[in-house]
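Input: a single structure, listed below in structure tokens.
Here, each number is a calculation from the coordinates, and none is a lab measurement. The structure displayed is predicted, hence computed values, not measured ones. Glycine also receives a Cβ, built like all others from the backbone with ideal geometry; neighbour counts cover every protein chain displayed.
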Amino acid sequence: MKRQSLLANTIALTLGILLIIATAAVSALGQAGTATVRGTVTDPQDKVVPGATVTLINPSTNASRTTTSNNDGVFTFEQVAVGDYRVEVAAKGFKKAVVTDVHALVAKVTPVDVRVEIGNVTETVTVASSMGEVLVNRDDGTLGNNFVNQQITQLPLEARNVVSLLTLQPGVTPQGYVTGARSDQSNITLDGIDINEAQTNAIGSPVLRLNSEAIEEFRVTTANPNANQGRSSGAQISLITKSGTNEWHGSLFEAHRNTVFTANDFFNNRNGRYVATDSAVILGTAKVGDLRNPRPKLLRNTFGGALGGPIVKDKFFFFYSFEGRRDAAETTVVRVVPLASLGRGELRYVNAGGGITTLNASQLQTIFTTGGNVTGVNPLAFAALAQAASKYPANDFTVGDSTLATQLNTAGFRFNAKTPVALNSHTARFDYKLNDRHSFFLRSNVIYDKTGVAPRFPDTTAVRNWSHPWGFVAGHTWTVSNSLVNNFRYGMTREAFTNPGDSTQNAISFRFIFQPVNFSRTRSRTTPVQNITDDLSWVRGSHTWQFGANVRIIRNHSVDFSSSFDNAITNPSFYASGAGAAQSNAVNAFFPAGSPLRIGPGFTSAVQNAVTALIGRFLNTRESFHSISMEV
């Protein structure tokens, strides 16, 4: 019976290996997010010591792996969990050697060369590893740096955003371009499972937000990635979450940022010469000499904590982290609005003589109903522009066609819009060691965010974008033998968000002159991505063979109302003679050739924009059948 059982296990193992090899032939290699510890055992004369028993022990969990040095004295531990270890070496005729403070780095080989001394094996020689992170990688051709937890938690980060650290590598730009590759060509994994935004793949916006307290370490491989790191021509970014240990560890933190330490916006200060406070602007009582626009409010609190420890000592461990952020914030917004003169049907421009020419509604009606031009001006357009000018009196002259000294047709309306932020991120991980051969882990992330969006004007609808992604991964590491290790993982990363629109009305606006609301439309998307990865490492003599597979199943469910409403715009670009030249030509034709009252240099576009609004004809329209755009 024992022989039959052994034979059955052998057959099952053989079939499993053949299946993995066959799968690897048609799939990308896995991307386990693990570490490798490799070294050479030598004697005092620098001769290699074959047949030495080498044990890798994690002191915080008492997990261990054992192997034997080969004929070249080389030992290798593949697919080990990232963390701190000690290496124990025992060989006949030599004292037992113990190397402590060995840190296995993610996605990188950690070299540990051990020298044993002649003596009795019952004697022990203990040394602390002085290797640290080897800056020159001599084990493979990859380029990139590792960031450990101490760096992640102690480096100054805006809102403790770990993603900001991903670009602090040679060859990486702040926008995420890596050694010439596009920013959407990188691959980000957390515990060996893809957390990329499946639709955009942007390096700066993975699906799962990364809690700084929950990340053990990460590595950004900027060039020459190994085959086992998967796909993509850009960076290969491997992140690892913390695990619990036999000792209890916890942390609490809060960071506060106050408006007191924030400088005002330059243009808010500049408006102090001629702009009133927000309330006076909205009421239309702004006067020269009133107070400048106030500083945008920013009260930011980033807080959270973490706790990890044993559930069953040496067997079962947990780790949990929460990170939240609350912003009572304002954003400075400036919108183009018509001046009161435009609402009265007047066209103002700087003429060829350097002065200001004002054409009233009657003159414009004459201009645009003679010479075959029968469009005329539209009193309904006057009324809409007059209402906008009264509701939002200009208080900023950095936009539009006006300056403070030369007020023509349009200027800016500046205000501070409330843009609150509420972010919540949970990370939990459980590790279970069945025995020295089998270990399991489960990690989950749940995120719930709301982010305010600046409205078009202070009295228009303000919306808050909603985001609720989550993800999990379950993993099993099987040490089949001292030379054969298999790592299997299944994970799901689910993007989910809704961006509410600020309007359910048809979009009607005056291009370059006035738009009443943002006309943003409700859009939502759910993108679940399943990942199945398997990596098999086989150490054979002086060689390490690796086989792996990565299967991704992607679904994209989206609803978009952007095509569900009609659209109409007064657009100078759609008039004859190119970019609205017909309007400016008609205005010039109203005056004799060479008249100083004709349009001055540089003001042609301003005239075309204003005249198009006063004519009030919708030249650019789109009719929709009120359908919902869906993608699967």
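Modelled spin labels at Thr68 and Val163, positioned 7 Å past Cα toward Cβ, are 5.1 nm from each other.
Between the beta carbons of Arg182 and Ser205, assuming R0 = 25 Å, the FRET efficiency works out to 0.95 to the nearest 0.05. Each listed q (0.12, 0.13, 0.14, 0.17 Å⁻¹) maps to a log10 I(q)/I(0) for the range 510-567, found by the Debye formula over equal Cα scatterers with no solvent: -0.60, -0.63, -0.67, -0.79.
The GluC sites (Glu not before Pro) of the range 323-431 include none that DSSP puts in a loop with a beta carbon having at most 10 other beta carbons within 10 Å.
Taking all Cα pairs closer than 8 Å and separated by 6 or more residues, the relative contact order of the chain comes to 12 percent.
Each peptide in 194-200, 469-475 receives the mean, over its residues, of other Cβ atoms within 10 Å, and ordering these scores from highest gives 469-475, 194-200. Packing order of peptides 71-79, 597-605, highest average first: 71-79, 597-605 (average count of other Cβ atoms within 10 Å over each peptide's residues). Counting other C-beta atoms within 10 Å, and keeping those with at most 12, which DSSP coil trypsin sites (Lys or Arg not before Pro) do you find in the range 324-390? Loop-located and lightly packed - none at all.
For Leu252 and Arg540, a Förster radius of 56 Å and the Cβ-Cβ distance give a FRET efficiency of 0.70, rounded to the nearest 0.05. For the residue pairs Lys92/Lys315; Lys297/Lys391; Lys242/Lys315, the C-alpha atoms sit more than 27 angstrom apart in Lys92/Lys315. Computed over the chain, the per-residue total of -39500 (n - 2.57) for DSSP H runs of n ≥ 4 gives a 222 nm mean residue ellipticity of -4000 deg cm²/dmol, rounded to 500. Overall shape of the range 34-128 was characterised from the C-alpha gyration tensor. The equivalent ellipsoid obtained from it has semi-axes of 22, 14, 10 Å, in decreasing order. Of the chymotrypsin sites (Phe, Trp or Tyr not before Pro) found in the range 170-254, those that fall in a DSSP loop while having at most 16 other beta-carbon atoms within 10 Å are Trp248. Among the helices of the chain, those built from whole DSSP H runs whose Cα atoms reach 15 Å or more along their own axis and whose mean Kyte-Doolittle hydropathy is at least 1.0 are 2-24, 604-615. A simple packing score, the average count of other Cβ atoms within 10 Å per residue, orders the peptides 41-52, 86-97 as 86-97, 41-52, with the highest score first. Exposure proxy for Ile447, Ile240: other Cβ atoms within 10 Å of each Cβ, ordered fewest to most, give Ile447, Ile240.
Counted by neighbouring Cβ atoms within 10 Å, the residues Lys297, Lys108 run from fewest to most as Lys297, Lys108.
For Gly39, the residues 5 or more places off, or on other chains, whose built amide H falls under 5 Å of its own are Phe75, Val112. If the Kirkwood radius is taken over C-alpha pairs of the chain, then at 25 °C and 0.890 mPa s the Stokes-Einstein diffusion coefficient equals 83 µm²/s.
Per-residue Karplus couplings for the range 139-146, computed as 6.51 cos²θ - 1.76 cosθ + 1.60 with θ equal to phi - 60°, are listed in order as 9, 8, x, 6, 10, x, 10, 9 Hz, Gly and Pro entered as x. Here the extension length gained between Gln530 and Thr403 equals 40.1 nm, from 0.36 nm per residue of separation less the Cα-Cα distance. For Val260 and Gln150, a Förster radius of 45 Å and the Cβ-Cβ distance give a FRET efficiency of 0.90, rounded to the nearest 0.05.
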